Amino acid sequence: MTDRITITFDTLPSGGEGLELDGITPDRLLTLSNAEIAKLPVWMGRRSVPLGDIAAIQGELSAHLRFEGDLARAEGVGAGMASGVLDVTGSVGDGAGVAMRGGSLRIGGSAGMRLGAALPGASRGMLGGEIVVTGSVGAEAGAYARRGLIVVRGDVGDSAARGLIAGTLVVFGRVGADAGTGNKRGSIVVLGSTAVPPTYRFACVYRPTVLRVLFGYLRRAYSIPVADRFVAGRWKRYCGDISELGKGELLTWAEA
Amino acid sequence: MTTLRIAGGTVYDPANGVDGAVRDICIQDGTIVATLPKNAPKLDATGMVVMPGGIDIHAHVAASSVNTARRLVPEQHDADPARAPDLALDEDGELVIPRSGSGGTVPSVFTTGYRYAGLGYTTVFDAAVAPITARDTHAQLDDTPIVDAGCFILLGNDAYLLRQLAAGATDRIQDYVAWMLGATRGYAVKIVNPGGVELWKENVREVKTLDDPVGGEAKVTPRAILEALTTAANALKLPHPVHIHCNNLGIPGNVATTLDSMRTVAGQRAHFTHVQFHSYAGERGKSWASGAKQIAEYLAQHPETTCDVGQVMFGPACTITADGALEYLLHTSNGGKWVNVDIELETGCGIVPFNYKDKSAVNALQWVVGLELFLLSPDPWRVVLSTDHPNGATFQSYPELIHLLMDRAYRDEKLKAINQKFLVGSALADGIAREYTLGEIAIITRAGPARILGLTQKGHLGVGADADITVYTTDADRTKMFATPRYVVKGGTLVVEEGQLRRAPTGQRHGVRPGYDTLIERDVKDFFDRYLTVAFENYAV
């Protein structure tokens, strides 16, 4: 048993095949020895290769997993994970944290499309857990999330939190077009800037207690330096999506 | 010449009056024979149960609608990837290429064939094929290995047929049916919600009585459609005349519609499908109750009427039907994914993935109604097993269904755990002691469907029958026993060995080609030229 399992991925040949890493999650590696982890199959383009052939693995029998190396073309990092901690030092590709059920996924760089979203065709996406991204992410972040928390310290792309059922998306930067369309009872919190979709109605300006609790948690658990003006400030609340259930909310920062 | 002796098994062959006798079954070149030389290859089945291969009389496995359903549930494919089986060389020393696929409620084509065979089923009929999409069905069946298969052709809302009824030209209908079955390589006439799909296209969502006019024509009614097609199919002496899905599926009080439909065609051979969905008492918007007893009473008096149950099992399903109006109702009830298709002049189609829950009062009643139909059945030969795969449940739930029928303690335990709201006064809630025997299971899954389908070569183990045989290891846990047959022989080829799928030969197709007066072709061609997207010359498969 070690404190942590560290998997250092080799640099992928440029312009070549991508990796699919959706099976390599801390809950599944928890009971495996170092040698067993090395034998796990991952898809590289059309080929299935043992993980040990494309990465160096240190440690075993730990719920804390770390990915190092070049993962910008790796899809499905942390997808479906149920528990434990997966921290990634750099950027990842599309579909990170898709259909996640629990645990904590921390991405040091940026992420591609469909971060913490649903599998294609599925009516529910993320069911629990937390995703924190230091950089920016692509389109459809948090789509169809039923529970769970996604925090993006950079910008998010278009159609963020599309079809949100009841999850929470927090964005420190800019939000792309059509955020929260089809939102049933989820929360979208924007510290940066966003356009309010036409199917959201302005409700009020207030100081939400829930954000003080949430930001306090982000400071403590993830060491995110949330400025005091957000924690204690006043926020605009918009209700939506009124073409859906309409019990969701879009919160944008108004003033200190 | 390939031979095989299945030696020393306990044989259940109800069509030949064999109920649990120990005897050998001899196979030569794909057919069952009386004897074989002593030195013929032998499969020791001592202590095991031997039955004919299973026959699914009603499933949705290969139709354009099934492909649409596959596209609708990609998340199920992700959750249930199907590895390619580890096939051995076939008898000619050739390797049939094994295929991977995906499972879920609507498995991919190859996986469908493998999984049916893995369950000991060797014949499957696709129950709903729109004539214009028959080519698609046959292409899919070409990629559905092992099982023998055929398809039923949807005619109950066909525009040409309705026109003939309106014009009073009933003499043309028999020729049209015969031409259509030949052109589509179909096996039987299927009627789905007669007239109701056409009404749905006109935004009329309910068939109040069997005498509702369709398309404003007094002569065109659900009753007239049922009568005309049943008469035509019987006159053509089809092996399986008509396969009827009644009006008002899934609506409380519909048992009255079902009995009226049965009486309409009384005296003629007719098969009523998934009657569970059509056996509800109660009143729309007010109450639900079981109507299974009334159906059982009717069946007891009418030996010409047959049915399959269409049992609901709790868990994920995918409803696929030509009954578009019903699917709209279902979609409004669960708010889930929904597809509605207008298949030009022929029929409609609707699809809604659905999850049957034991906590739901209506779903619990459906489960009970299905079991009551089995347990109150006056004749296992005429009330056969189906789940309307994948509508009520997938075919992979058959073993558990058999377990429920064979084991009262198991059944009563399950009954206690479900929603009781609509079960007051139901026969099952009051307690039914009946337990199916292995012989009766062989009837409702093999011999009965074969007889109803008019398949003389199948569903029995007499001399001359196709060598489709399933061998089970005896186990008090009937779910386990029926889920994992020890050996399966299809057409003389050993496809499952020691519980592993090892060979995947190509199955046969069952179709009919009845004779007709060729004058009909001229009239149909004229109709096609005016109204159809496909030319008459390109229509036939």
Tell me yes or no: at least one residue of region A:91-113 is within 14 Å of chain B (Cβ to nearest Cβ), hydrophobic (A, V, I, L, M, F, W, C) and open to solvent by 10 Å² or more (accessible area, probe 1.4 Å).
yes
Inspect all residues belonging to region B:400-408 and state whether any of them is over 21 Å from the mean Cα position of the chain (by Cα), in contact (Cβ under 8 Å) with a residue 60 or more places away in the chain and at negative phi.
yes
Suppose we filter A:A160, A:A195 for residues that are open to solvent by less than 50 Å² (accessible area, probe 1.4 Å) and part of a loop (DSSP other than H, G, I, E, B); which single one remains?
A:A160
Residues that are hydroxyl-bearing (S, T, Y) and over 19 Å from the mean Cα position of the chain (by Cα): list the strands (runs of 3 or more DSSP E) wholly contained in region A:1-97 that include at least 2 such residues.
A:5-9
Is region B:136-150 home to any residue that is within 24 Å of B:E521 (Cβ to Cβ), touching a residue at least 12 places away in the same chain (Cβ under 8 Å) and touching a Ser or Thr at 6+ places or on another chain (Cβ under 7 Å)?
yes
Testing A:G180 on (1) within 14 Å of chain B (Cβ to nearest Cβ); (2) crowded, with 23+ Cβ neighbours inside 10 Å, one condition comes back false. Which one is that?
(1)
Residues of region B:2-19 being open to solvent by 30 Å² or more (accessible area, probe 1.4 Å) and either on the phi > 0 side of the Ramachandran plot or in contact with a Phe, Trp or Tyr (Cβ under 7 Å, 6 or more places away or on another chain) (or both), in sequence order, are B:G17, B:D19
Qualifying positions in region B:341-360 - within 14 Å of chain A (Cβ to nearest Cβ) and open to solvent by 60 Å² or more (accessible area, probe 1.4 Å)
B:N355
So which strands (runs of 3 or more DSSP E) are wholly in region B:142-253 and hold at least 3 residues that are within 25 Å of B:H278 (Cα to Cα) and in contact with a Lys or Arg (Cβ under 7 Å, 6 or more places away or on another chain)?
B:148-154
Residue within region B:367-381 that is without any contact (Cβ under 8 Å) to a residue 60 or more places away in the chain, out of contact with any strand residue (DSSP E or B) (no Cβ under 9 Å at 6 or more places or on another chain), closer than 30 Å to B:I132 by Cα and in a helix (DSSP H, G or I) present
no
Only one of (1) within 14 Å of another protein chain (Cβ to nearest Cβ); (2) small (G, A, S); (3) within 11 Å of the chain's Cα centre (by Cα) is not met by A:A145, so which one is it?
(1)
Selection status of A:D87, away from chain B (no Cβ under 14 Å), out of contact with any Phe, Trp or Tyr (no Cβ under 7 Å at 6 or more places or on another chain) and within 20 Å of B:H77 (Cβ to Cβ):
no
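For (1) touching a residue at least 60 places away in the same chain (Cβ under 8 Å); (2) more than 27 Å from A:L105 (Cβ to Cβ), each residue gets a yes or a no:
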| site | (1), (2) |
| --- | --- |
| A:D155 | no, no |
| A:A160 | no, no |
| A:G163 | no, no |
| A:G167 | no, no |
| A:G182 | yes, no |
| A:V196 | no, yes |
| A:L211 | no, no |
| A:R219 | no, no |
| A:I224 | yes, no |
State yes or no: is B:V312 touching a residue at least 60 places away in the same chain (Cβ under 8 Å), touching a strand residue (DSSP E or B) at 6+ places or on another chain (Cβ under 9 Å), open to solvent by less than 60 Å² (accessible area, probe 1.4 Å) and under 28 Å from B:I402 (Cβ atoms)?
yes
Can you tell me which residue in region B:408-455 is least open to solvent (accessible area, probe 1.4 Å), limited to those that are part of a loop (DSSP other than H, G, I, E, B) and small (G, A, S)?
B:S426
Whichever residue in region B:67-76 is within 14 Å of chain A (Cβ to nearest Cβ) and not hydrophobic (A, V, I, L, M, F, W, C) and, among such residues, is surrounded by the fewest Cβ atoms within 10 Å (Cβ to Cβ):
B:R71
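Let's see how each residue does on (1) within 14 Å of another protein chain (Cβ to nearest Cβ); (2) β-branched (V, I, T); (3) surrounded by fewer than 22 Cβ atoms within 10 Å (Cβ to Cβ):
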position: B:D78; (1), (2), (3): yes, no, yes
position: B:L89; (1), (2), (3): no, no, yes
position: B:T105; (1), (2), (3): yes, yes, no
position: B:Y116; (1), (2), (3): no, no, no
position: B:A128; (1), (2), (3): no, no, no
position: B:R135; (1), (2), (3): no, no, yes
Right, A:G116: in contact (Cβ under 8 Å) with a residue 60 or more places away in the chain, at positive phi and either open to solvent by less than 50 Å² (accessible area, probe 1.4 Å) or in the same structural domain as A:V133 (by TED's automatic domain parsing) (or both) or not?
no
When residues of region B:469-488 are filtered for being in contact with a strand residue (DSSP E or B) (Cβ under 7 Å, 6 or more places away or on another chain) and open to solvent by 10 Å² or more (accessible area, probe 1.4 Å), how many remain?
4
Which residue, of A:R114, A:R106, is at pLDDT 95 or above and not in a loop (DSSP other than H, G, I, E, B)?
A:R106
Whether any residue in region A:17-28 is at pLDDT below 95 and either in the same structural domain as A:G157 (by TED's automatic domain parsing) or more than 30 Å from A:G167 (Cβ to Cβ) (or both) is what I want to check.
yes
May I ask you to list the residues in region A:199-224 that are of a type outside the set (F, W, Y), open to solvent by 60 Å² or more (accessible area, probe 1.4 Å) and over 21 Å from A:D155 (Cα atoms)?
A:R201, A:R207, A:T209, A:V210, A:R212, A:V213, A:R220
Pick from region B:138-186, criterion open to solvent by less than 10 Å² (accessible area, probe 1.4 Å), over 17 Å from the mean Cα position of the chain (by Cα) and of a type in the set (V, I, T), ranking: farthest from B:E198 (Cα to Cα)
B:I146
Return the residue satisfying two criteria in turn: it lies in region A:137-153 and is open to solvent by 10 Å² or more (accessible area, probe 1.4 Å) and in a loop (DSSP other than H, G, I, E, B), and of such residues it is farthest from B:G336 (Cα to Cα).
A:R153
If we ask which residues in region B:315-340 are modelled with pLDDT of 90 or more, open to solvent by 20 Å² or more (accessible area, probe 1.4 Å) and either within 14 Å of another protein chain (Cβ to nearest Cβ) or part of a helix (DSSP H, G or I) (or both), their number turns out to be 10
On the given criteria, is A:R124 open to solvent by 10 Å² or more (accessible area, probe 1.4 Å) and away from chain B (no Cβ under 14 Å)?
no
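The values are calculated or read from the model by the stated rules, or taken from the named source; none is laboratory data. These numbers were taken from a predicted model, which means no experiment stands behind them. Don't worry about glycine lacking a Cβ; one is built from the backbone with ideal geometry, like all the others, and counts go over all protein chains shown. Heavy atoms of the whole protein, side chains included, go into the accessibility calculation; ligands, DNA and RNA do not. Shrake-Rupley method; radii C 1.70, N 1.55, O 1.52, S 1.80 Å.
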